[in-house]
Amino acid sequence: MQIPSKYDANQVESKWYDYWMKHNYFHSIPDDREPYTIVIPPPNVTGVLHMGHMLNNTIQDVLIRRARLQGKNACWVPGTDHASIATEAKVVAKLKEQGIDKNDLSREEFLKHAWDWTHEYGGVILEQLKKLGCSCDWDRTKFTMDDDMSEAVIKVFVDLYKKGLIYRGYRMVNWDPEAKTTLSDEEVEYIEKQGKLYYINYQVEGTNDSLTIATTRPETILGDTAICINPNDERHSNLKEKNAIVPINGRVIPIIEDEYVDVEFGTGCLKVTPAHDENDKVLGDKHNLEVIDIFNEDATLNSYGLHYEGKDRFTVRKEIVKELEEKGHILKIEDYTNRVGISERTKAIIEPRLSDQWFLKMDELVKPAIEAVLGDDPDVKLFPKKFENTYRHWMENIRDWNISRQLLWGQQIPAYYYGDGKEDFVVAESIEAALDLAKEKTSNQKLTAGDLRQDTDALDTWFSSWLWPMSVFDGIRNPENDDIKYYYPTSDLVTGPDILFFWVARMIIAGYEYKGERPFENVYLTGLVRDKQRRKMSKQLGNSPDALKLIKEYGADGVRVGLLLSSAAGNDLMFDEALCSQGKGFANKIWNAFRLVKGWEESNTIEQPQSSKIALEWFDSKFQETLIEIEDHFGKYRLSDALMATYKLIWEDFASWLLEIVKPAYQQPIDSKTLRGVINHFENILKILHPFMPFLTEEIWQYMEERQPEEALIVASWPEKKSIDKDLISGFDFTQEVVSGIRNIRKEKNISFKDAIDFSVINNEKISSDFDDVIKKLGNINDLEYVSEAVEGALTFRVKSNEYFIPIAGSVNVEEEIKKLTEELNYTEGFLKSVQKKLANERFVSGAPEQVVAGEKKKEADALAKIETLKASLASLQ
């Protein structure tokens, strides 16, 4: 086969991905092997590939490909999430462009548009993952709104309701006025926002007196139903048992007393608006206050807003302040920094709102999941371990989960109403089952399906994805099927720490509730991908590169390497495009090394040189040493370190040393034994590199020799561990220093590498002569001689206590060399004096940190050794 001179990633990647797909290497079915299972964190169905996905899925693919090479039955389940809030918002926006209002459509009509949108844009991201080289079992692709997945969600809802864990409650919830739905506490982000604090005077009924309240939300005074004072606050004893008049609407409200009011904070008078503040709601319930909701679902004011009806809350804020000022109710206005909640999805400011919602009781459900991660012998391990504290905080302060959403896109809550009362409902998996229950509950056998009305709310998206590791294997509907029994619990989960609670913790909770065991063994939490200035990547900043353009420019392997080599910033990654270029350069280096080896002419008749024999033996041990290091890194989920160890082995040990030692002289053949040894090492290198750079390695593997489909690299065997000769490794480390010394002198003295030289050594270290042939070859040495005394008229260098000599033989200007060495000696002696002066200072030695003193002592030792070498060189020249 003709080997191309350059590596063309674009052509190679499509070729091998098609080949892998054609031969079904990614597909898994239960068998006798040990399973290794990963379920993908399902991206939004209409999402596109961004840098976070690239990192997350590169890591998953590295793990799955390595497991495949280790002989495990590797199964990586892909899929997408219906992302109810995000997808519904996109569909609504598209309908708006077409002049269609969502509110004018029936549920069925809207869902048809949503499914059309999903079919048109859905799954694009999965196709993009293929470009990255992801070896998912595409035959197992799932979508959280697939019929079987939805059926599992409904089944779980009904089961939890029957267990008394799901209930309907009238509660203060987080309302997103843009998405027009409730959010769970975890879907609310908190930000610091610069605002104003308004001091407003209310008249005390029947007097000329007034009281002052302070609020950041003057528009909500129209919903006030009381003023509260602390009974122990002597400043306001005159207000007890009186009423106040709300400005603008003139509503007369009671002045109530409660120790909840902080005497030290503000004016000591608190406006109470039970419909729009959680704490006010508690006060209102305690004092039996009226609840007046002044907002519509989009946060415009309703009829209680009087002449502000239909206007947005923030518009009203400006206008009502102006009206209050005109009427003399504003005492003062101060700048105020306020902590406000915003929707994680839409970024709209959250409105506390009273609403009938569905909740899941969490206090008992959460207990096994706390023990699983934080117990003495944890079933589920988090990497990095520091996230255990975050997990503990969330889980030990958990509140009931609001699982209902005022959306159409998602699984519809399986509650069926048969009457007008709030409690006139039944919960069932189907309308037929619901009808039977309703007849039984009402004792009315004449009820028909037409008399039942299903709850219009949809379930929170996370209520479907918390079942993901079970539902993808149909473990909820068919808990004893072969797949769930074989693949569950899964092995590793790779995801972001931002969804540690939303998703990871809830999957653990669901796993113990429905399977009685953990859903996965290890959770690897990746950091955020940031730019090299440590900024979070975002469309607004324009610092998020186009993932597919990166792949086109640097190749998928180059991008994978670039991502994994990105330096850690805490747990986050600082991405620099230059690292993708480094990845591409690494691919070219390996390709050129392969072309070099394949270009050698083989001979069966020549003997194997001693230098090649010892070099192959050394590399065998060096490879085994690196293999152990790589395995250790994988065990700790330090994938960047595993890649770096592989990178150094290939770039430095294999390409820069082994190939240089064994390569034949120009236009000369190489002996068969050495060539077979080099190719064997090359193949082992391809195996450990394959998880990181699958395309390049498969291309080289297939060029090495003609292979059958079952011999493809993707299904080859991970290298076996063998014994390591530590003496061989340390001997070669010493040899590398000797060769570097020779090369440095050649370079400094302009002695051509083509000119052979003589070389002598005083072997004080009693170093073995095993590597002498390697030194001779790499140093281009005629004769290597062991001597007991310094060689006159020679250049010298040291490695530890060994002294090496290169006769100058007229190739160096002696006078110039003496001058140069003398200058260097004078400088070094001066440097030594300054270091020794510092070390003679007792205050420095006793006061400086230990490592600083140790550093100075090392400088002293290095300078002394250098002076000795320089003096020896001068002596040999004079």
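Which of the chymotrypsin sites (Phe, Trp or Tyr not before Pro) found in region 1-104 are in a DSSP loop and have at most 10 neighbouring Cβ atoms, other than their own, within 10 Å?
none
Give me the percent of Cα-Cα pairs in region 268-327 that sit more than 13 Å apart, rounded to a whole number.
That tail contains 67 percent of the Cα-Cα pairs.
Measure off, as a whole percent, the carbon and sulfur share of the 1.4 Å-probe accessible area of region 153-206, all protein chains present.
Answer for region 153-206 is 44 percent, counting heavy atoms of protein chains only.
Could you tell me, in Å, what Rg and Dmax come out for the Cα atoms of region 557-679?
Cα only, region 557-679: 17.3, 58 Å (Rg, Dmax).
So, by mean Cβ neighbours within 10 angstrom, what's the order for 862-870, 755-763 with the highest one leading?
755-763, 862-870
So for the chain, considering every pair of alpha-carbon atoms, how many percent are separated by more than 47 Å?
Counting every Cα pair in the chain, those more than 47 Å apart make up 46 percent.
How many percent of DSSP beta bridges within region 721-878 run antiparallel, rounded to 5?
Of all bridge pairs located within region 721-878, approximately 65 percent are antiparallel.
Going by average Cβ density within 10 Å per residue, which order do the peptides 745-753, 180-188 take, highest to lowest?
Highest to lowest by the protection proxy: 180-188, 745-753.
Please report the relative contact order for region 562-705, taking Cα pairs under 8 Å with a sequence separation of at least 6, and give it as a percent rounded to a whole number.
Once normalised by length, the contact order is 29 percent.
Percent antiparallel among DSSP beta bridges with both residues in region 200-262, to the nearest 5? Mind dumping the intermediate values first?
Details: 9 of 12 bridges.
Around 75 percent antiparallel, to the nearest 5.
Taking the alpha-carbon distance from K722 and a cut-off under 24 Å, which lysines remain once sequence neighbours fewer than 8 residues away in the same chain are dropped?
Within reach: K72, K613, K622, K636, K648, K673, K687.
Can you give me the relative contact order of the chain as a percent, contacts being Cα pairs under 8 Å and 6 or more apart?
12 percent
What relative contact order, as a whole-number percentage, does region 148-268 give when Cα pairs under 8 Å and 6 or more residues apart are counted? Working shown, then result.
Details: 142 pairs, mean separation 22.2, N = 121.
Relative contact order comes out at 18 percent.
Out of all DSSP beta bridges with both ends in the chain, state the antiparallel percent to the nearest 5.
Approximately 70 percent, going by the DSSP bridge assignments.
Using Cα atoms only, what is the angle between the long axis of helix 850-877 and the major principal axis of the chain, expressed in degrees (0 to 90) to the nearest 10?
20 degrees
From zero outward in steps of 10 Å, how is the percent of C-alpha pairs of region 751-878 spread across the bins?
P(r) over region 751-878, rounded to whole percents: 11, 33, 29, 18, 8, 1.
Around T490, which amide H atoms from residues at least 5 apart in sequence, or from another chain, sit under 5 Å from its own amide H, with H modelled in the peptide plane?
Here F520 satisfy the definition.
Provide the packing ranking of 598-604, 41-47, 779-785, i.e. peptides ordered by the mean count of other C-beta atoms within 10 Å per residue, highest first.
41-47, 779-785, 598-604
Enumerate by residue number the trypsin sites (Lys or Arg not before Pro) in region 193-285 meeting two conditions: DSSP loop (anything except H, G, I, E, B), and at most 10 other Cβ atoms within 10 Å of the site's Cβ.
Within region 193-285, no trypsin sites (Lys or Arg not before Pro) qualify (loop, at most 10 other Cβ atoms within 10 Å).
Given a Förster radius of 30 Å and the C-beta distance between D755 and T822 as r, what FRET efficiency does 1/(1 + (r/R0)^6) yield to the nearest 0.05?
0.65
Using modelled amide H (1.01 Å from N, peptide plane; none on Pro or chain starts), what sits under 5 Å from the amide H of E257, excluding residues fewer than 5 places away?
I229
How big is the Rg/Rh ratio for region 646-775, C-alpha atoms only, Rh by Kirkwood, two decimals? Could you put the intermediate results ahead of the total?
Numbers: Rg = 18.4 Å, Rh = 17.7 Å.
Rg/Rh: 1.04.
For region 261-368, what is one quarter of the convex hull surface built on the Cα atoms, given in nm²?
10.8 nm²
Just to be sure I understand: if I project the alpha-carbon convex hull of region 139-280 onto a plane and average over all orientations, what area do I get in nm²?
Orientation-averaged projected area of the Cα hull: 14.0 nm².
List the aspartates and glutamates whose Cα sits under 16 Å from the Cα of K549, skipping any in the same chain fewer than 8 residues away.
Once the sequence-local aspartates and glutamates are set aside, what remains near K549 is D8, E13, E127, D557, D576, E577.
How about region 418-487: which GluC sites (Glu not before Pro) there are in a DSSP loop, with at most 13 other Cβ atoms within 10 Å of their Cβ?
Values: sites: E423, E429, E432, E440, E480; in loops: E423, E429, E480.
In loop regions of region 418-487 (DSSP not H, G, I, E or B), the sparsely surrounded GluC sites (Glu not before Pro) are E423, E480.
Skipping prolines and chain starts, which residues have an amide H placed within reach, meaning under 5 Å, of the one on H276, given they are 5 or more residues away or on another chain?
none
Show that you can apply the helix-only estimate: for the chain, add -39,500 (n - 2.57) for every DSSP H stretch of four or more residues, divide by all residues, and state [θ] at 222 nm to the nearest 500.
After summing the helix terms and dividing by the residues of the chain, the value is -13500 deg cm²/dmol.
Calculate how large, on average over all directions, the projected area of the Cα convex hull of region 474-515 is; give the answer in nm² to one decimal.
Numbers: hull surface 12.9 nm².
In nm², the orientation-averaged hull projection of region 474-515 is 3.2.
Can you list the lysines whose alpha carbon is less than 20 Å from that of K102, not counting same-chain residues fewer than 8 positions off?
Straight-distance partners of K102: K90, K94, K112, K180.
Using alpha carbons only, how many degrees (0 to 90, rounded to 10) separate the axis of helix 431-442 from the longest principal axis of the chain?
40 degrees
Largest first and in whole Å, what are the equivalent-ellipsoid semi-axes of region 211-291 based on the Cα gyration tensor, each being the root of 5 times an eigenvalue?
Working from the Cα gyration tensor, I get semi-axes of 18, 14, 13 Å.
If the viscosity is 0.692 mPa s and the temperature 37 °C, what translational diffusion coefficient in µm²/s does Stokes-Einstein give for region 490-648 when Rh comes from Kirkwood over Cα pairs?
169 µm²/s
Hey, what angle do you get for helix 694-704 against the long axis of the chain, alpha-carbon based, 0 to 90 degrees rounded to 10?
The angle comes out near 30 degrees.
The values are calculated or read from the model by the stated rules, or taken from the named source; none is laboratory data. Predicted, not measured: the structure shown is a model, and the values here were computed from it. Cβ: placed from backbone, ideal geometry, glycine included. Neighbour counts: every protein chain shown. Side chains are part of the model used for accessible areas, which takes the heavy atoms of the whole protein and leaves out ligands, DNA and RNA. Shrake-Rupley method; radii C 1.70, N 1.55, O 1.52, S 1.80 Å.
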